[in-house]
Amino acid sequence: MFRLLRAVLVGAAASAVVVAGAQTASAESYTANCYSDDGGNDCYGSPPATSGLDLAARARYTDETNKLCVADTQADGRSSVGVYWPAGEPGKKVRYWNHSGSGSTTCAGLGGLRENADYRIQVCLGEWAKRAANRVVIACGPATAVRL
């Protein structure tokens, strides 16, 4: 009887571990970087070894929160711009501007994205204007693939 009870308890404990592991799966996150000089006129995904370039902006998408966060990391007078679009459809780019200055991060919820679809994210540097038509994207780093 004791062996049967012990087998049941061990089996229940093993099941609890499997269920607990399934609940704590980590979320995927994707990052796009822009390395630039102080002028903010160029944007590289990674700095050449001897370039002296600094991280100017970063965009990060996390599937758990379904948010794109755009960080401005350099006091260069430029705004950082997070961009996303469905893979293969560059005409559908959506831009989120962070014009709050160096050291700031702005996040936007991305509703309506298709599940099991491929997207791209990118981070750029630009000139902010109140009127959307007057905003100018100056330079962008390479796109990062995102699988939802």
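Neighbour counts of other C-beta atoms within 10 Å: give me TYR61, TYR44 arranged from fewest to most.
Details: TYR61 23, TYR44 17.
Ordered from fewest to most neighbouring Cβ atoms within 10 Å, TYR61, TYR44 come out as TYR44, TYR61.
P(r) tail for region 70-118, what percent of Cα pairs lie past 12 Å?
On the way: 767 of 1176 pairs.
Within region 70-118, distances greater than 12 Å cover 65 percent of Cα pairs.
Going by how many other beta carbons lie within 10 Å of each one, how would you line up LEU113, LEU125, fewest first?
Numbers: LEU113 14, LEU125 27.
So the residues, fewest neighbours to most, are LEU113, LEU125.
With no solvent and one equal point scatterer per Cα, compute the Debye intensity ratio I(q)/I(0) for region 29-147 at 0.14, 0.15, 0.22, 0.24 Å⁻¹ and report its log10, rounded to two decimals.
-0.53, -0.61, -1.22, -1.39
Quick one: which residues, 5+ away or cross-chain, put their amide H under 5 Å from the amide H of ASP42? H built at 1.01 Å from N.
Result for ASP42 returns ASP37.
Hey, fewest Cβ within 10 Å first, where do VAL83, VAL94 land in order?
Working: VAL83 22, VAL94 12.
Listing VAL83, VAL94 from fewest to most nearby Cβ atoms yields VAL94, VAL83.
Using θ = phi - 60° and the Karplus form 6.51 cos²θ - 1.76 cosθ + 1.60, what ³J(HN,Hα) does each residue of region 94-99 get, whole Hz, x for Gly and Pro?
Here the 3J(HN,Hα) series is 10, 10, 10, 9, 10, 10 Hz.
Values in this text are rule-based calculations from the coordinates and carry no lab data. From a predicted model like this one, the values you see are computed outputs, not experimental measurements. Here the Cβ is made from the backbone with ideal geometry for all residues, glycine too, and neighbour counts use every protein chain on show.
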